[in-house]
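Input: a single structure, listed below in structure tokens.
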Amino acid sequence: MNVVIIEDEHLTADRILTLLQGIDPEIRITAILDSVKSSVQWFQQHEKPDLAFMDIQLADGLSFEIFDQVRLDCPVIFLTAYQEYAIKAFKVNSVDYLLKPVSENEMRMALTKYKQYFSLSQGPPVIEKELLDSIRQMISSPYKSRFMVKVGDRIRSVDVKDILYFFSLQKGTFMHTAENRNYVIDFTLDALTDLLDPAHFHRINRQYIISHSAISELITLSGSKLKVTLLHSDDKEIYISRERIHPFKQWLDR
Amino acid sequence: MKRAHLALQYQSLRDQVRPHFLFNSLSSLVTLINTDPKKATQFVHKLSDVYRYLLEQRENELVPVNEEVKFLEDYVYLQKIRFGENLQVRIKLDLDKKQMMIPLALQMMVENAIKHNEVSAGHPLAIEVISSGQGDVIISNNLQKKTVTEKSPGMGIENLRKRIAFFTHKPLLIEEGSDAFTVTIPTITS
């Protein structure tokens, strides 16, 4: 089995190499590459390997850029130090990834998973361009641009531009789209506060994060409270408390 | 005023605790334990020093420049283990011991240089930390920008600028030329 390691830190590359050789002496490491540029060159000149290990952050950019420049149809196991949100996307698509520092046990499991694909007719998964683009976006931009949601056994990707508001209900978090649909999502409202662009979304109370376009009506109540009516919402009891009114008005105004 | 300053300190602390750095360091450490146990021991001590300093500086508004330099040297030691000869750092400061500065400012600038530039055998990154004629600190590096970098809301420099403004009228100077990036961080006389 021919394996390529793409990792810019030599000690971690050595670790992967030692682990692989210890687990399966049949494994031949055909190249260790440290940048997008050298990887593209290598893939243009050589036959595709059976498997590639790929760090996400490389010396000169993100490893996803390799896919833009060469056709890479070998299975990939990603290596990552810490990208919790990006990692979720890999899980959805059942492409494997390993967290650094890589343990022998996890490496064994990843290789077993890889080999199991060969006993199935379809072979190991090849990474889809769309998934890569969405992960790349997540890593290179500070705010989320889309959410992956499950609809039955299908995965849909929803653009944040199409989201009216997020709300929590009975320990679950939901998002409501302009098409008047609700989806369950994996994030808490607190986590969302950091992930969403504050120019477009605002936390109005413990239960809601809303976008400008979600507001259908605002009513001033006595006791300096504000009542909000949201589009497509049956909830008639959405209030903004006194201490949140000032930041809310500032957000509305900009 | 005090409250605004605390908020800035808190924000900068959040930016400072970089999970990437920790896990990448641990990943290098696992290899060292097997290949060079002596170096591994040294690495653990430096990593502890770096994290202890990060935590200790939580409450401080200003620190003596020489403490910052010691911290920067430890941090650079760890990065050099990870990047080897691909990272070149020269620290040559000649400053008055009584000079103070905003904690973690030097390390943040070095970290930014590593984050935004290519660090490879073909293109080593060279960082230089020297003192200016006015007793401030100048950090410069050759520019070889990565095409895409990991996420960064760009808060770090803005935050530092505001924190400096609490103590001195000297500005944080940033110059980006065609092949070099230079930052001048003002020091404060206690």
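All of the numbers you see were taken from the coordinates with simple rules; none came from a lab. Computed from a predicted structure; not experimentally measured. All Cβ positions, glycine included, derive from the backbone under ideal geometry; neighbour counts span all protein chains shown.
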Item to check | Charge sum, other residues only, whose C-beta stays under 14 Å from A:Ser224's C-beta, Lys/Arg counted +1 and Asp/Glu -1 | outcome: +4
Next on the checklist: Testing the spin-label approximation: label points 7 Å from Cα along Cα→Cβ at A:Phe174 and B:Lys39. State their distance in nm.
Outcome noted: 5.7 nm
Checklist entry - Which pairs in the list B:Lys80/B:Lys115; B:Lys98/B:Lys170; B:Lys70/B:Lys98; A:Lys161/A:Lys236 are over 20 Å apart, alpha-carbon to alpha-carbon? => result A:Lys161/A:Lys236
Checklist entry - Counting partner chain Cβ atoms within 10 Å of every residue's Cβ in B:21-34, what's the average? => result 6
Checklist entry - Stretch A:Gln250-A:Asp68 to full length: gain in nm at 0.36 nm per residue minus the Cα-Cα span? => result 61.4 nm
Next on the checklist: Of A:Leu111, A:Ile29, B:Ala121, which is farthest towards the positive pole of the protein assembly as shown's charge dipole, taken about the Cα centre with +1 and -1 on the beta-carbons of Lys, Arg and Asp, Glu respectively?
Outcome noted: A:Leu111
Next on the checklist: Tell me which of B:Gly156, B:Ser131, B:Met100 sits at the most positive position along the dipole axis of chain B, charges placed on C-beta atoms (Lys, Arg +1; Asp, Glu -1).
Outcome noted: B:Gly156
Next on the checklist: Given Cβ point charges of +1 (Lys, Arg) and -1 (Asp, Glu) and nothing else, what value in debye, to the nearest 20, does the dipole of the protein assembly as shown about its Cα centre take?
Outcome noted: 1320 debye
Checklist outcome for this item: Filtering chain B for DSSP H helices with an axial alpha carbon extent of at least 20 Å and a Kyte-Doolittle mean of at least -0.5 returns B:19-35, B:65-83
Checklist outcome for this item: Farthest towards the positive end of the dipole of the protein assembly as shown, among B:Phe167, A:Leu51, A:Thr80 and with Cβ unit charges of +1 on Lys and Arg and -1 on Asp and Glu, lies the Cα of B:Phe167
Checklist outcome for this item: Taking a ≥ b ≥ c as the square roots of the Cα gyration tensor eigenvalues, with a/c under 1.5 meaning rounded and otherwise prolate when a/b beats b/c or oblate if not, the protein assembly as shown comes out oblate
Checklist entry - Calculated FRET efficiency, A:Met1 and A:His212, Cβ-Cβ r, R0 51 Å, to nearest 0.05? => result 0.40
Item to check | Dipole in debye (nearest 20) - segment B:73-128, about Cα centre, beta carbon charges: Lys, Arg +1; Asp, Glu -1 | outcome: 80 debye
Item to check | Most fluctuating residue given options B:Glu61, B:Glu118, B:Glu176, as computed from a GNM of chain B linking Cα atoms under 10 Å | outcome: B:Glu176
Checklist entry - What relative contact order, as a whole-number percentage, does chain B give when Cα pairs under 8 Å and 6 or more residues apart are counted? => result 21 percent
Checklist entry - Between segment B:38-92 and segment B:111-190, how many Å separate their Cα centres? => result 17 Å
Checklist outcome for this item: Other residues with Cβ under 13 Å from the Cβ of B:Glu73 give, with Lys and Arg +1 and Asp and Glu -1, a net charge of +1
Checklist outcome for this item: Between the modelled labels at B:Arg161 and B:Leu22 (7 Å from Cα along Cα→Cβ) the distance in nm is 3.0 nm
Checklist outcome for this item: With label points set 7 Å from each Cα along the Cα-to-Cβ direction at B:Ala121 and A:Arg156, the distance between them in nm comes to 5.0 nm
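Only four residue types carry charge here, +1 at the Cβ of Lys and Arg and -1 at the Cβ of Asp and Glu. Report the dipole size of segment B:2-189 about the Cα centre in Debye, rounded to the nearest 20.
Approximately 440 debye in magnitude.
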